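Here's the structure we're looking at; comments come further down.
The values are calculated or read from the model by the stated rules, or taken from the named source; none is laboratory data. Bear in mind the structure is a predicted one, so any value in this text is a computation, not a measurement. Note: ideal-geometry Cβ built from the backbone for every residue, glycine included; neighbour counts use all protein chains shown. SASA here: full protein model, heavy atoms, side chains in, ligands and nucleic acids out. Shrake-Rupley method; radii C 1.70, N 1.55, O 1.52, S 1.80 Å.
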Amino acid sequence: MHRNRWFIGAALVALLAMLAALGLGQEEDAAVATPPQPRVAPPYPEDIPSTGRVREFELVAAPTALPLLDGRSLEVWAYNGQVPGPTLRATHGDTVRVRFTNKLPQPTTIHWHGIRLPNGMDGVPGVTQPPIPPGGTFVYEFKVKDAGTYWFHPHLRGSEQVERGLFGVLIVEDAKPGPFSRELVWVLDDWRLDAGGQIDGRFNTRHDLAHDGRWGQVSTVNGAVQPEVPLQPGERVRLRMVNVANGRVFAPSFEGLDASVIAIDGLATDRPLPASRLELAPGNRVDLDFTVPQALSNPRLEVMDHFTRRPFPLATLVVSGEVVRPPEVAAVAPPPSPDLSPARALQPAETFRLNARRGGPFGIEWTINDEAFHHEGEHASAHHKVYRLPAHQWATLRFVNESSRMHPMHVHGQFFRVVARNGASVDEGHWRDTVLIRPRETVDVAMFPQDVGAWMLHCHIQEHAEAGMMTLVDVHTEGSH
Ligand code: C2O
Ligand code: CU
């Protein structure tokens with residue numbers, strides 16, 4: 001009898017597993033359920049061989065005062081006493097080891113934006129690690145698998161900690177040097193100052209929450225207002241730009257230069273793309289390739305921002321000196337563009353409706369499918385829905401912006417491709433980890449998750465995230481939980 005019951009139970013489990021495998025018996029509408037796909041080649045390698053080299057870094061976050069903006073002393077929170085923090089460099093295949101010490105008056109963590117790494121190194125408090133208390137330390141260690149431009153920042157009280165100056169660039173170099181005679185790294189940011197010229201200490205205001213987050217009145221490149229950047233004629237420049245602002249979108253224009261986009265959000269684009277209409281939402285990176293003309297009628301080239309109705313200068317390139325001959329090496333060829341047709345044929349595995357409502361700790365909550373996520377002390381919201389995605393298969397995700405604000409949506413630990421906007425098929429020609437979704441817009445993205453674990457999906461407008469616009473995507477292999 002006992003044996004029989006066990007047998008019936010086992011048969012039932014097997015039957016249910018079969019039904020589940022067929023995509024039946026699930027709660028969703030059968031048309032939406034995605035049947036398992038045959039194992040397909042990943043669009044980018046799951047792993048790469050290790051170089052065996054370990055790059056060690058020390059990072060300390062602490063309050064300090066620095067001559068920033070116009071050169072007057074500004075009270076900031078900084079990594080290693082500098083804003084932007086130090087630029088960390090490693091080569092594709094290296095292991096990065098960062099010994100971090102928190103000397104802030106608040107708990108913090110470090111998130112490695114855009115880096116594919118083991119889930120436990122992702123720096124999400126209450127999800128991948130406990131918050132690092134004041135005085136505490138943590139060692140982050142991961143192999144860098146993708147050459148490109150990345151950055152790091154706290155993932156706790158980001159609307160305050162990032163705004164106060166905690167961010168830095170992580171550059172993963174190709175093993176082969178490129179055809180450039182100069183590399184520039186530009187960290188784009190803006191600052192909201194009070195009457196005394198210091199960082200306005202009112203964070204998560206109702207105004208910022210009801211709009212596109214906190215936009216400052218002063219924009220900077222590497223902490224300086226409209227810096228002059230000296231260049232020589234003939235130079236071939238790789239310019240790596242990162243937008244670390246809480247809410248501001250930058251749209252830099254490089255008129256007078258024949259610039260092309262060679263990488264976005266880290267990874268190389270499928271081919272060089274035109275650099276007209278550049279847009280960097282919070283979190284985005286864009287790498288440009290340009291050669292400084294040898295004959296210029298005006299040696300001063302202003303880089304203007306055109307995102308708002310009032311364009312303003314971001315920086316001035318000042319060309320002088322001897323003609324430089326860039327190295328005569330071929331650029332590293334980008335990997336072949338992925339075949340997105342299997343992804344395009346899929347129904348969305350999940351739809352994320354983005355909206356706001358009254359309530360929550362700040363009076364306004366930003367929601368994903370009517371849920372607001374809060375990092376509650378040590379624990380992420382206990383009753384929050386977790387979205388599950390199988391690893392090693394294409395999945396499409398749909399973002400439906402039901403609100404009248406912008407949302408740069410970011411997914412940790414994966415790259416994705418935009419495949420449709422408002423139902424019309426799109427081929428951007430590059431990967432991303434953050435996509436700006438405009439008011440009332442619907443955007444479909446295709447991703448091929450490979451690293452298992454609970455990965456954050458959230459709006460990168462820091463105030464929207466702080467007010468709940470975050471959730472988790474659990475990437476699992478077949479049969480795991
Ligand atoms: Cu740069 Cu979770 O973000
Ligand atoms: Cu948002």
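Modelled this way, with points 7 Å down the Cα-to-C-beta line, the labels at residue 232 and residue 99 are 3.9 nm from one another. Mean separation of Cα pairs under 8 Å and 6 or more residues apart, divided by the residue count, gives segment 340-481 a relative contact order of 31 percent. Overall, the accessible surface of segment 394-452 at a probe of 1.4 angstrom is composed of carbon and sulfur to the extent of 43 percent. Of all DSSP-defined beta bridges confined to segment 129-244, some 60% are antiparallel rather than parallel.
If the only charges are +1 at each Lys and Arg Cβ and -1 at each Asp and Glu Cβ, what is the size of the charge dipole of the chain around the Cα centre, to the nearest 20 debye?
Numbers: 45 positive and 55 negative charges, 62 e Å.
The calculated dipole for the chain is roughly 300 debye.
Both the radius of gyration and Dmax for the chain are 23.2, 95 Å, in that order, over alpha-carbon atoms. With the whole protein complex present, residue 458 retains an accessible surface near 10 Å², based on a 1.4 Å probe. The aspartates and glutamates within cross-link reach of residue 143, meaning a Cα-to-Cα straight distance under 19 Å and a gap of 8 or more places when in the same chain, are 46, 47, 56, 58, 94, 122, 173, 174, 265, 433, 451.
Here is how the number arises for the chain: DSSP H runs of 4 or more residues each give -39500 (n - 2.57), the sum is divided by the residue count, and the result at 222 nm is -2000 deg cm²/dmol.
Heavy-atom surface analysis with a 1.4 Å probe gives segment 241-354 a carbon and sulfur content of 51 percent of its accessible area.
Give me the percent of DSSP beta bridges within the chain that run antiparallel, rounded to the nearest 5. Working shown, then result.
Numbers: 90 of 125 bridges.
DSSP beta bridges in the chain are roughly 70 percent antiparallel.
Magnitude of the Cβ-charge dipole of segment 327-481, K/R +1 and D/E -1, about the Cα centre, nearest 20 debye? The partial results should precede the final answer.
Details: 13 positive and 19 negative charges, 108 e Å.
For this selection, approximately 520 debye.
Sparsely packed loop sites in segment 264-347 (the trypsin sites (Lys or Arg not before Pro) outside DSSP H, G, I, E and B with at most 14 other Cβ atoms within 10 Å) comprise 277, 309. Computed about the Cα centre, the dipole magnitude for segment 91-178 is approximately 160 debye when only Lys and Arg (+1) and Asp and Glu (-1) carry charge, each at its Cβ.
Accessible area per residue for the chain, computed on protein heavy atoms with a 1.4 Å probe, is 43 Å². The antiparallel fraction among DSSP beta bridges confined to segment 211-353 stands at about 85%. Can you give me the Cα centroid spacing of segment 442-468 and segment 310-373 in angstrom? If you average the Cα positions of each part, the centres end up 12 Å apart. Dimensions of segment 231-380 from C-alpha coordinates, computed as largest minus smallest value along each principal axis and given longest first, are 60, 40, 33 Å. For the pair residue 225 and residue 295 in one chain, pulling the backbone fully straight at 0.36 nm per residue adds 22.5 nm over the alpha carbon distance.
Which of the GluC sites (Glu not before Pro) found in segment 289-342 are loop residues per DSSP with 16 or fewer other Cβ atoms within 10 Å of their Cβ?
On the way: sites: 302, 322, 328; in loops: 322, 328.
Listed in order of number, the matching sites are 322, 328.
Taking a straight line from the alpha carbon of residue 145, these lysines sit under 25 Å away, with near neighbours fewer than eight places off in the same chain left out: 176.
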